[in-house]
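Enquirer: First the structure, then my questions, so here it is.
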Amino acid sequence: MSAILRWSLPALVVAGCVGYLIYSASGASAEYYVTVSELRMHPTAGDVRVAGVVQDDVRKSDGGLRVTFTEKDGTASMPVDYAGTLPDIFKPGITVVVEGKLDGDGVFHAWTLLAKCPSRFSTQPYTQ
Amino acid sequence: MILAYLGAGALLAGLVLGGFSAMLSFFAGWRQTTVFIQVGRRAFYAATVMTVLAAAVLELALLTHDFSLVYVTEHTDLSTPLALVAAGFYGGQEGSLLYWTLILGVLGTASLVAAGSLGDRVLAYATGILATILSFFLFVLAVVASPFELLSLTPPDGLGLNPVLRDGGMLIHPPVVLAGFAAFAIPFAFACAALLAGRADAAWIRHTRRFALLAWSLQTAGLLLGMWWAYHVLGWGGYWGWDPVENVALMPWLATTAYLHSSQVQERRGRLRTWNLGLVILAFLLVVFGTFIVRSGVVPSVHTFAISAIGPWFLAFLFACLVFSVALVAIRSGTSSEGDGRAVPVASREGAFVLQNLLLIGVIAVVMWGTVLPLVSGMLGAERVVGAPYYERAAGPLFAALLALLAIGPLLPWRHAGRATVRALRWPAAGAAITLVVLLVLGVRSWSALIGLPLAAGAASTAISEFGRALLRRPQVLVRRRRRYGAYLAHMGLVVVVAGIAASHVWQQEKDVTLQPGGSAAVGGYTLTYAGAEQRDLGDHTEYVAAMRFGDQTLEPARATYAGLGGQALTHVAISTTPAADLYVVLAATNEDGSATFRIFVNPLVAWIWAGGAVIIVGVVLGNVGETSPMPELARRRSPVTLPA
């Protein structure tokens with residue numbers, strides 16, 4: 001029996017398993033990555049990640065571990081309620097990605113908040 | 001100013017020399033002209049010298065605070081400590097590319113110098129491929145993303161290094177991981193050279209393997225240092241986030257891990273030659289792919305470099321490398337069958353290696369899909385992303401199967417497994433069974449712990465029983481066959497890492513507390529008392545330091561503020577490490593009423609990850625220093641083996 005024939009069965013089994021694992025895992029845990037206006041246009045019940053800019057109305061409570069603010073992009077905005085530690089560079093004006101759920105009350109309840117800085121590896125480009 | 005011209009000139013000279021070396025070497029390999037082969041090689045050395053010169057100039061510009069250079073201004077300032085100013089060399093896009101090019105040139109030169117007996121044609125083609133890669137990088141540096149660009153007005157001070165990077169980790173992680181990336185080009189060059197020349201001998205295998213080992217070791221150290229740095233700096237109590245930037249560093253490491261195992265089948269049994277070449281080529285393609293992903297910003301990541309114009313160039317380079325190597329493998333391997341016509345048997349050592357390879361490639365596929373999903377789904381419509389749960393669900397079972405192989409594979413004999421093999425498996429089986437029972441008795445009900453830890457114990461039992469057998473019978477084989485026992489040591493290190501990952505993952509505890517000075521909180525058996533806070537002025541930044549007492553120790557989580565950088569804040573985590581667990585305290589916020597809010601983690605066995613990682617590297621280094629690999633199949637043949645057979 002040639003090498004290719006003898007190994008084709010185990011290789012197919014492994015490939016099939018890998019394919020199934022990728023398919024089922026990404027089906028179960030992939031989230032949509034949208035902007036605020038996209039979410040406003042197509043409200044989804046599931047978990048999503050939403051990118052937008054933090055507005056000036058940041059309010060902290062609970063010893064700084066709970067924060068509410070408005071997230072906005074060009075055309076739409078939504079209130080965000082987040083509990084957890086904030087990234088160091090969090091402040092009004094930066095772009096953040098929040099992961100969570102838009103509830104019936106119109107408030108986005110986030111469980112993760114990432115600051116999407118243009119670059120972690122350089123500071124602002126020098127402008128004269 | 002003069003430094004900028006000198007540096008840019010050196011890059012251009014290097015580019016010309018590199019291009020000359022590439023063309024001449026390919027021509028010389030084709031025509032087998034000895035003189036041209038030597039000239040081509042020396043042109044490569046000269047291009048390397050020019051790269052070294054450019055790197056030295058950039059470093060000098062940084063250390064002398066020559067703010068006429070955009071790069072120096074954007075990545076350092078007068079208040080940055082000197083060691084970090086020096087590290088600014090690889091702290092930004094352009095400089096890190098130059099650093100990469102430098103390592104490529106130096107390691108390429110070393111590989112060509114050390115390749116004396118490989119045969120002229122292989123050497124000529126390897127020089128040509130290395131020179132082509134070097135020229136591509138020098139072209140990007142000279143034309144697209146030059147670190148020597150000038151400002152029209154020289155500012156009095158620079159913008160400074162991003163505070164997140166002002167850390168000891170900056171001094172060790174980036175240079176190691178970038179050197180690892182650069183080193184993958186060497187085995188790739190020699191693999192393609194062997195395919196082009198149509199032949200390779202035992203010396204070629206040893207040479208390629210040696211540089212694959214070097215790249216792999218650097219990458220192992222780079223990954224571990226990156227995990228350690230993220231754990232100490234980022235403040236979320238974790239060391240691995242399945243971020244695209246982390247993923248693209250992991251994938252070439254996985255491919256090379258596969259190669260280091262399957263190349264033994266080639267050494268011992270003369271099989272899998274084309275397969276091995278494919279793995280070496282795959283590792284390099286994954287490096288180029290990763291560089292494209294990381295540097296172009298096409299995939300959202302928390303570690304993204306500045307988005308710049310180099311993305312399309314790297315994409316073009318990736319396609320060129322892909323087409324070149326796929327065509328090469330297809331043309332050169334399509335004409336003949338593998339080995340002596342007999343198949344690699346499934347139940348044997350070589351069968352275990354092949355299965356391990358398939359599983360590792362499966363893991364690469366999982367990681368690759370998770371990394372490119374935003375890109376692919378974005379092109380097809382709605383952009384979708386996956387997080388850690390995807391990777392755990394999809395790669396977890398594959399890692400479990402790999403652990404099982406780690407327990408069984410080393411006990412399987414070459415060629416064919418029989419009844420004796422089944423008897424040999426009693427040690428890992430016993431180790432796994434005992435661990436499972438102990439975990440169940442202790443009340444552990446987490447599936448990942450109940451599957452992962454017994455399999456890890458089985459793998460440890462295999463390695464320990466092999467060591468025990470050697471010590472009882474003939475202790476001298478530990479030295480004489482050090483590659484084998486070094487590998488067992490590395491396996492044990494891996495088991496320790498797995499135990500650390502599993503424990504810190506399954507049993508991590510986390511609590512948020514707000515405390516007035518004098519107040520206490522209890523987390524996972526630790527009682528912490530907040531003693532108060534103070535302000536410290538540390539030159540380029542001020543720190544608000546909180547004192548947390550537990551037992552006779554004081555932990556000092558802090559928040560730093562960099563006035564020179566628009567008041568950017570940075571959290572300093574405080575960690576108390578014991579072999580059993582890390583107590584990890586983050587100062588989350590300070591409040592107006594004098595209280596402070598802390599996020600406290602108890603992370604079990606995290607120290608095992610670092611210790612186990614060190615054992616892996618020690619095992620691999622000890623096992624291969626001064627080692628002459630056992631190659632009965634190839635040593636028997638005096639004439640070079642035709643490739644691929």
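No value in this document is a laboratory result; all are computed from the given coordinates. On a predicted model such as this, the values are computed, not experimentally measured, just so you know. With ideal geometry, Cβ positions are generated from the backbone for all residues, glycine too; neighbour counts draw on all protein chains shown.
Enquirer: Which three numbers, in whole Å and largest first, are the semi-axes of the equivalent ellipsoid of the stretch B:463-561 derived from its Cα gyration tensor as √(5λ)? Don't jump to the answer; show the numbers that get you there.
Expert: Values: eigenvalues 459, 70, 30 Å².
Result for the stretch B:463-561: semi-axes of 48, 19, 12 Å.
Enquirer: Calculate the FRET efficiency for B:Ala203 and B:Leu472 from the Cβ-Cβ distance with a Förster distance of 22 Å, rounded to the nearest 0.05.
Expert: Working: r = 36 Å, r/R0 = 1.65.
According to the calculation, E is roughly 0.05.
Enquirer: Now a separate question. Charges only on Cβ, +1 for Lys and Arg, -1 for Asp and Glu: so what's the dipole of the stretch B:509-604 about the Cα centre, in debye to the nearest 20? Walk me through the intermediate numbers first.
Expert: Numbers: 5 positive and 11 negative charges, 37 e Å.
Charge dipole, the stretch B:509-604, about its Cα centre: 180 debye, nearest 20.
Enquirer: Could you check the spin-label model distance between A:Asp103 and B:Leu63? Points 7 Å from the Cα along Cα→Cβ, value in nm.
Expert: With each label point 7 Å from Cα toward Cβ, the separation is 5.9 nm.
Enquirer: Excluding same-chain pairs closer than 8 in sequence, count the lysine pairs in the protein assembly as shown whose Cα atoms lie under 18 Å apart.
Expert: Working: A:Lys60/A:Lys91; A:Lys72/A:Lys91; A:Lys72/A:Lys101; A:Lys72/A:Lys116; A:Lys91/A:Lys116.
Close lysine pairs under the 18 Å cut-off: 5.
Enquirer: Amide H of B:Gly158 versus every other amide H placed in the peptide plane: which residues, excluding those fewer than 5 positions away on the same chain, fall under 5 Å?
Expert: Under 5 Å from the amide H of B:Gly158 lie the amide H atoms of B:Leu78, each far enough along the sequence or on another chain.
Enquirer: Another question about this same structure. Using only the alpha carbons of the stretch B:1-93, what is the convex hull's orientation-averaged projected area in square nanometres? Let's see the in-between values first.
Expert: Working: hull surface 26.0 nm².
Mean orientational projected area (the stretch B:1-93, Cα hull): 6.5 nm².
Enquirer: Determine by what factor the alpha-carbon radius of gyration of the stretch B:164-306 differs from 2.2 N^0.38 Å, reporting the quotient.
Expert: Numbers: Rg = 16.6 Å, N = 143, 2.2 N^0.38 = 14.5 Å.
Against the compact-globule rule of thumb, the ratio is 1.15.
Enquirer: By counting other Cβ atoms within 10 Å of each Cβ, how are A:Asp57, B:Asp120 ranked from fewest to most?
Expert: Working: A:Asp57 10, B:Asp120 15.
By the 10 Å Cβ count, ascending: A:Asp57, B:Asp120.
Enquirer: log10 I(q)/I(0), Debye, Cα-only the stretch B:140-222, no solvent, q = 0.16 Å⁻¹?
Expert: Debye intensities relative to I(0), on a log10 scale: -0.83.
Enquirer: Average the reciprocal distances over every distinct pair of alpha-carbons in the stretch B:195-270, invert the result, and give the Kirkwood radius in Å. Kindly include the intermediate steps, with their values, before the conclusion.
Expert: Working: mean 1/r = 0.0691 Å⁻¹.
Evaluated over the stretch B:195-270, this radius sits at 14.5 Å.
Enquirer: Tell me, what is the percent relative contact order of the stretch B:509-604, built from C-alpha pairs under 8 Å that lie six or more residues apart? Let's see the in-between values first.
Expert: Working: 222 pairs, mean separation 25.2, N = 96.
This gives 26 percent for the stretch B:509-604.
Enquirer: What nm value, rounded to one decimal, do you get for the distance between B:Val143 and B:Leu622 when each label is placed 7 Å out toward the C-beta?
Expert: In this crude spin-label approximation the distance works out to 5.0 nm.
Enquirer: Between B:Asp120 and A:Tyr20, how high is the FRET efficiency from 1/(1 + (r/R0)^6) when r is the Cβ-Cβ distance and R₀ = 60 Å? Nearest 0.05. Provide the component values of the computation, followed by the final result.
Expert: Numbers: r = 49 Å, r/R0 = 0.82.
That gives a FRET efficiency of 0.75.
Enquirer: Additional query: Could you tell me the largest-minus-smallest coordinate of the C-alpha atoms of chain B on each of the three principal axes, in descending order and whole angstroms?
Expert: 82, 72, 55
Enquirer: Let me ask you something else. May I ask you to derive the FRET efficiency for B:Ala110 and B:Leu322 from their Cβ-Cβ distance with R0 = 25 Å, giving the value to the nearest 0.05? Walk me through the numbers before you get to the answer.
Expert: On the way: r = 27 Å, r/R0 = 1.07.
Plugging the Cβ-Cβ distance into 1/(1 + (r/R0)^6) gives 0.40.
Enquirer: For a quick size check, give me the Cα extents of the protein assembly as shown along its three principal axes, largest first, whole Å.
Expert: 82, 72, 55
Enquirer: From other protein chains only, count the Cβ atoms within 10 Å of every residue's Cβ in B:378-391, then give the mean. All intermediate terms of the calculation are to be shown ahead of the outcome.
Expert: Details: counts 1, 0, 0, 0, 7, 8, 8, 9, 7, 7, 1, 5, 10, 2.
Rounded to a whole number, the mean comes out at 5.
Enquirer: Which one of B:Ser520, B:Leu84, B:Ser135 is farthest out on the positive end of the charge dipole of the protein assembly as shown, using unit charges on Cβ (Lys, Arg +1; Asp, Glu -1) and the Cα centre as origin?
Expert: B:Ser135
Enquirer: Using the charge dipole of chain B (Lys, Arg: +1 at Cβ; Asp, Glu: -1 at Cβ; taken about the Cα centre), state which of B:Leu17, B:Ala4, B:Ala490 has its Cα farthest towards the positive end.
Expert: The residue sitting farthest along the positive end of the dipole is B:Ala490.
Enquirer: Explain nothing, just the number: dipole magnitude of the protein assembly as shown about its Cα centre with +1 on each Lys and Arg Cβ and -1 on each Asp and Glu Cβ, in debye rounded to the nearest 20.
Expert: Values: 51 positive and 45 negative charges, 967 e Å.
It works out to roughly 4640 debye.
Enquirer: May I pose another question? With a 10 Å radius around each residue's Cβ, average the other Cβ atoms per peptide and rank B:455-463, B:417-425, A:48-56, highest first. Mind dumping the intermediate values first?
Expert: Details: B:455-463: 25.3, B:417-425: 13.1, A:48-56: 19.8.
Answer by packing, highest mean first, reads B:455-463, A:48-56, B:417-425.
Enquirer: Then there's this: Within 10 Å of each Cβ in B:505-514, how many Cβ atoms from other chains are there, averaged over the peptide? Numbers along the way, then the final one.
Expert: Working: counts 0, 0, 0, 0, 0, 0, 0, 8, 2, 4.
Taking the mean over all residues of the peptide, I get 1.
Enquirer: Here's another thing I want to ask about it. Counting only C-alpha contacts under 8 Å and six or more residues apart, can you give the relative contact order of chain B as a whole percent?
Expert: Values: 1144 pairs, mean separation 78.6, N = 645.
Rounded, it is 12 percent for chain B.
Enquirer: A follow-up question, please. How long is the gain from B:Thr154 to B:Ser576 if the chain were fully straight, where each residue apart is worth 0.36 nm and the alpha carbon distance is subtracted?
Expert: Values: separation 422, 0.36 × 422 = 151.92 nm, distance 4.52 nm.
This chain segment gains 147.4 nm when fully extended.
Enquirer: How shielded is A:86-93 by partner chains, expressed as the average number of their Cβ atoms within 10 Å of its Cβ atoms?
Expert: Working: counts 4, 6, 11, 7, 1, 4, 0, 0.
The per-residue average across the peptide is 4.
Enquirer: Treating only the Cβ of Lys, Arg, Asp and Glu as charged (+1, +1, -1, -1), what charge dipole size does the stretch B:1-100 show about its Cα centre? Round to the nearest 20 debye. Present the calculation step by step, with values, prior to reporting the outcome.
Expert: On the way: 3 positive and 5 negative charges, 138 e Å.
So the dipole magnitude of the stretch B:1-100 works out to roughly 660 debye.
Enquirer: What is the extension gain from B:Trp447 to B:Tyr5, computed as 0.36 nm multiplied by their sequence separation minus the C-alpha to C-alpha distance, in nm to one decimal?
Expert: Values: separation 442, 0.36 × 442 = 159.12 nm, distance 6.12 nm.
Additional length available on full extension: 153.0 nm.
Enquirer: Let me have the 222 nm mean residue ellipticity of chain B computed from DSSP H runs of 4+ only, each contributing -39500 (n - 2.57), with the sum over all residues rounded to the nearest 500.
Expert: Details: 21 runs with 402 residues, N = 645.
Computed ellipticity for chain B at 222 nm equals -21500 deg cm²/dmol.
Enquirer: Stretched out fully, how many nm does the piece from B:Thr542 to B:Leu82 gain, at 0.36 nm a residue minus the Cα gap? Before the final figure, lay out each step's value.
Expert: On the way: separation 460, 0.36 × 460 = 165.60 nm, distance 1.85 nm.
Length gained, B:Thr542 through B:Leu82: 163.8 nm.
Enquirer: I'd like to know how the stretch B:572-617 sits against the 2.2 N^0.38 Å rule of thumb: what's its Cα Rg over that expected value? Working shown, then result.
Expert: Values: Rg = 14.6 Å, N = 46, 2.2 N^0.38 = 9.4 Å.
Normalised Rg, Cα atoms only: 1.55.
Enquirer: To continue, here is another question. For the stretch B:509-604, build the convex hull from the C-alpha positions and give me its volume per residue in Å³.
Expert: Details: hull volume 9.7 nm³, N = 96.
Per residue, the Cα convex hull of the stretch B:509-604 comes to 101 Å³.
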